[in-house]
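One structure coming up, written as structure tokens, with questions to follow.
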Amino acid sequence: MKKGKAKFEAVRWTIERAASEFDINPRTLAKRLKVAGMLAGKDKKFSTAEICRAKYGDYELERTRKMKEDADAAALGNAARRGELLELAECRRWIEQAAAQLRQEILAGPGSDADKDAKLNDLARVVRMFADGFDGADRAPERAQAAGPGPGDRVDPRTAAAA
């Protein structure tokens, strides 16, 4: 008899047999295998590793995800300690205060109502651009209403001061 590594045949599982052995409902196991993108081999069976990933999850994937989350959290903490981050609410307040001041100056300044309308429309567009940068596009209709008129919208300078 030859000495060396003994060769073992890989264990292959049908869903029913694996479900019985791993104490899981066969439909649940089949669903998890499908969600994980694992297809049965030519023998219509799955490897032990595939069954384990479907039953218990993918440890390596979860470990990698956690490591990335930990690294991201450390990077954010470092950036905060270096003073490289701004509070979103504080940025919004600065922009709103600046926009309110500019709106008052436009309304009190020289120029026709049409000139003031154009300036107020430009100001509202800039404020919306900042808001889009803060929030993304998913809340654009709410912001557009709150931020005031957009390009091409008519503004009554006498009522715009209240906005």
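Could you go through segment 69-86 and let me know if any residue there is assigned to a helix (DSSP H, G or I) and in contact with a helix residue (DSSP H, G or I) (Cβ under 9 Å, 6 or more places away or on another chain). I'd like the intermediate steps shown before the answer.
Within segment 69-86, the first condition is being assigned to a helix (DSSP H, G or I), and the residues that meet it are 69-81.
Right, trim to in contact with a helix residue (DSSP H, G or I) (Cβ under 9 Å, 6 or more places away or on another chain) and you get none.
Looking for residues that are assigned to a helix (DSSP H, G or I) and in contact with a helix residue (DSSP H, G or I) (Cβ under 9 Å, 6 or more places away or on another chain), one finds none in segment 69-86, hence no.
Quick test of your reading of the structure: Ala40 fulfils all but one of (1) more than 30 Å from Leu85 (Cβ to Cβ); (2) assigned to a helix (DSSP H, G or I). Name the failing condition by number.
Ala40 satisfies all of (1) more than 30 Å from Leu85 (Cβ to Cβ); (2) assigned to a helix (DSSP H, G or I) except (2).
We did not get these values from a lab; they are worked out from the coordinates using the rules stated. Quantities reported herein were computed from a predicted structural model and do not represent experimental measurements. Neighbour counts run over all protein chains shown; Cβ positions are idealised from the backbone, glycine included.
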